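Nothing in this text is a laboratory measurement; each read-out follows from the coordinates by a stated rule. Every value quoted in this text rests on a predicted model; they were computed, and no experiment measured them. In this analysis, Cβ positions are derived from the backbone assuming ideal geometry, glycine residues included, and neighbour counts consider all displayed protein chains.
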Amino acid sequence: MLRHPLASPETGLSHFTDSAAGAERAGTLRVLSLSGSSVCLQRPCVVRVGTTENLEPMRKSLSLAAVLLGLPSCVLAHEGALLLGQQLITASRTGTSPVSIASSSLITRDDIERQQAGSVPELLQRLAGVSVTSNGGRGKSTSVSIRGTSDKHVLVLIDGIRVGSATSGSAALQSIPVEQIERIEVVRGPRSSLYGSEAMGGVIQIFTRRGGGDGFKPYFSAGAGSRSSYSGSAGVAGGQGNGWFNLGVASESTDGINARAYRSSAPGAFEPDADRYRELSAQLRAGYRFDNGLELDGSWLQSENHSDFDSRSSSGASGRNAYSDGSLQALSGRARFAPLASWDVTLQAGHSEDLGDNFQDGRFYSRFDTRRDSASWQNDFHVGEAQLLTLGMDYQQDRIDSSDSYVEDSRYNRGYFIQYQAAFGRHGVQAGLRRDKDEFFGSHDTGSLGYSFELSEALTLTAAYGTAYRAPTFNDLYYPASAYTAGNPEVKPEESESYELGIRGSHGWGEWSVNAYENRIEDLIVWAGSSPMRPENVDVARIRGIETRVATVLAGWDLAANLTFMDPQDRSKANHGHLLQRRAKRQFNLDLDRQFGAVGLGASLYAASERFDKASNAPDTRMPGYALLDLRGEYRLDDAWRLQAKLANLFDREYETTQTYEQPGRALYFTVRYQAL
């Protein structure tokens with residue numbers, strides 16, 4: 001195995017066999033992966049292995065098992081099979097990795113445009129093991145769960161920088177603009193041994209758009225649809241020599257739907273209006289590679305949003321015309337260099353903000369702002385053939401500013417981690433340890449161990465174990481005391497222990513995977529009691545699940561499907577054996593796409609079983625299962641211009657993911673896109 005001289009998190013290049021290096025061939029190439037990604041290279045084209053271009057399609061060989069496209073392999077829909085040289089970064093924090101053990105998914109820019117997705121939660125819901133709940137339509141408060149854990153158990157990164165609210169503990173994924181995204185990586189399972197707090201259920205990392213190539217390449221999109229929905233984006237990408245950049249702006253607006261349904265138990269709370277959403281964003285990302293190997297890059301993303309919501313009191317006397325003005329920002333700077341041939345150093349510093357002002361009854365109501373500064377120092381040592389040792393340190397400081405008075409308004413955390421990855425013949429190992437030192441509750445240790453075994457050239461068996469934790473939020477610890485609620489400075493971190501077993505296959509007809517897991521979470525923080533309600537470490541949860549995924553080409557159609565079976569049990573004394581709140585036991589996704597010359601057609605089916613809005617699982621809190629079917633199509637005027645159309649929720653299905661909060665019905669959207677070649 002050789003290490004690519006340009007291997008890095010940005011090129012996506014990892015290890016490759018020298019026997020394939022330099023091969024080239026002209027042809028038409030379409031690649032389909034388990035993530036649903038489909039990449040077409042139109043004839044004539046030249047693709048080369050061992051360069052920053054796409055790998056050469058090998059008609060008669062499936063031997064490139066060491067390189068990946070986000071998943072174990074990918075399927076060549078025309079003339080055999082191919083594995084691409086792009087590897088997920090988030091699962092190991094390294095741009096090169098000799099093994100692939102974690103259950104991961106990749107959403108590319110092509111996927112975003114092909115699915116014509118309007119939001120990040122809409123994209124994530126298509127993945128195995130991921131579920132989404134929201135308080136109404138577009139832009140409303142949304143929770144994303146991985147493997148049955150809560151949204152507070154999911155770590156969210158933008159270009160390597162942690163984002164989210166230090167008071168609520170959640171990230172506003174609904175406010176991250178899809179038009180500013182290059183790709184999304186999702187890792188299922190605990191990753192606290194690499195990232196620290198919050199990575200109990202998994203990690204979602206969003207990479208903003210990145211330029212490349214020579215010259216300037218402008219792009220833009222404009223869309224319109226149901227409920228007075230309008231969107232637009234414009235930008236320019238490109239580069240010169242060893243430099244690259246991307247600059248873009250985007251906007252979105254919709255009149256939306258009435259977020260909350262009529263409740264016979266509280267008729268005075270009904271507010272029959274359309275709850276609008278507005279969003280304006282800008283993004284800049286640039287980098288340069290010097291001749292001595294030093295790489296510098298930076299990114300900036302800013303998103304401003306306005307969202308109406310229903311918050312009227314039961315009597316109807318207060319909470320009228322409620323809305324929030326929010327701001328999300330992520331700023332990152334990074335340097336990479338190699339002091340020695342076998343030693344890579346990455347230095348990164350970042351700043352993120354999650355700001356929110358709330359209004360109701362025609363006046364200011366509350367403010368909750370989070371500002372977070374972070375820094376990391378990571379060292380990757382290539383200690384032998386197909387062996388990588390990583391040593392690193394993270395620093396993070398959270399500061400909050402609120403209209404309410406908190407006893408504490410800042411805290412810091414230091415994390416120290418070590419990871420070892422190696423491939424020995426047919427065996428692969430990934431092991432990690434981390435110690436976090438939090439200003440509030442002291443030290444916390446986590447660890448992970450993963451193993452893979454190649455049963456054959458087509459089959460790989462994986463096993464993994466990991467521990468994780470979540471630090472209490474500022475609300476959990478120090479929420480200002482009142483007659484109704486109060487924080488609890490004595491609350492402890494939540495802890496989890498997870499086991500996983502998987503098998504995956506790559507064949508001439510396609511690829512598949514099956515992963516089974518169990519995650520046990522202890523000391524769950526629950527707000528309980530009354531006068532006032534306070535957080536306590538009282539609950540235990542045990543979540544078991546099986547995730548199955550398959551990707552193939554059937555009768556000319558690119559097919560990607562996943563099926564999730566889950567048993568998310570509450571193990572607390574009061575609700576032992578009940579389903580955890582708002583978790584479905586079964587989920588199914590199916591994506592179909594096909595190209596007919598200049599015309600592309602596609603469909604997406606999503607189905608979920610029943611769920612309960614309350615931990616008691618009382619009959620009156622049951623939300624029935626549902627299925628949604630979306631249709632889409634596009635017409636390529638030429639290589640640069642596309643016309644797109646999407647019909648969402650074809651059968652106008654009424655459903656809820658949070659009780660009493662409505663979801664959008666049937667809607668039609670049109671988009672025109674331009675991308676200079």
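Tell me whether the stretch 206-675 comes out rounded, prolate or oblate; compute the Cα gyration tensor, take square roots of the eigenvalues as a ≥ b ≥ c, and use a/c under 1.5 as the rounded threshold.
Details: a/c = 1.29, a/b = 1.11, b/c = 1.16.
It comes out rounded by the Cα gyration axes.
Based on Cβ point charges of +1 for Lys and Arg and -1 for Asp and Glu, what charge dipole magnitude is obtained for the chain about its Cα centre, in debye rounded to the nearest 20? Don't skip to the end; give the middle numbers.
On the way: 69 positive and 80 negative charges, 217 e Å.
In debye, rounded to 20, the chain gives about 1040.
Placing +1 on the Cβ of every Lys and Arg and -1 on the Cβ of every Asp and Glu, with nothing else charged, gives the stretch 89-205 a dipole about its Cα centre of roughly 300 debye.
Taking every DSSP beta bridge that has both residues in the chain, what percent is antiparallel when rounded to the nearest 5? Write out the running numbers ahead of the final one.
On the way: 297 of 304 bridges.
Percent antiparallel among DSSP bridges in the chain is about 100.
Work out the FRET efficiency for Glu454 and Arg586 from their Cβ-Cβ distance, taking R0 = 56 Å, and round it to the nearest 0.05. That gives a FRET efficiency of 0.95. Between Ala274 and Leu294, the modelled label-to-label distance comes to 5.5 nm, taking each label 7 Å out from Cα in the direction of the beta carbon. Do any chymotrypsin sites (Phe, Trp or Tyr not before Pro) in the stretch 581-657 lie in a loop, going by DSSP, with at most 11 other beta-carbon atoms within 10 Å of their beta carbon, and if so which? Answer by residue number: Phe651.
Over the stretch 206-675, what is the relative contact order in whole percent, taking alpha-carbon pairs under 8 Å and six or more residues apart?
Values: 1313 pairs, mean separation 38.0, N = 470.
Answer for the stretch 206-675 is 8 percent.
3J(HN,Hα) couplings calculated from phi for the stretch 358-375 with the Karplus curve 6.51 cos²θ - 1.76 cosθ + 1.60 (θ = phi - 60°) are, in sequence order, 10, 10, 7, 6, x, 8, 5, 10, 7, 9, 9, 10, 10, 10, 10, 10, 9, 8 Hz; Gly and Pro show x. Positive-end ranking of Tyr661, Gly487, Gly545 along the dipole of the chain, with charges on Cβ about the Cα centre, is headed by Gly545. When the Cα positions of Pro98, Gln116, Val154 are compared along the charge dipole of the stretch 98-171, Val154 comes out farthest toward the positive end, with charges on each C-beta of Lys, Arg, Asp and Glu. Excluding residues fewer than 8 places away in the same chain, name every one of the lysines whose C-alpha is closer than 28 Å to that of Lys492. Counting by Cα, and skipping residues close in sequence, Lys492 has these lysines nearby: Lys152, Lys437, Lys573, Lys614. Please state the shape class of the stretch 95-235: rounded when a/c is under 1.5, otherwise prolate if a/b exceeds b/c and oblate if not, all from the C-alpha gyration tensor. The shape class here is oblate. Paramagnetic label reach from Arg653 (point 7 Å along Cα→Cβ; backbone nitrogen cut-off under 18 Å): within the stretch 566-585, residues 566, 582-585. Only lysines eight or more places from Lys217 in sequence, or on another chain, were considered; those with a Cα closer than 29 Å are Lys646.
When Ile101, Ile107 are sorted by how many other C-beta atoms sit within 10 angstrom of their C-beta, beginning with the fewest, the order is Ile101, Ile107.
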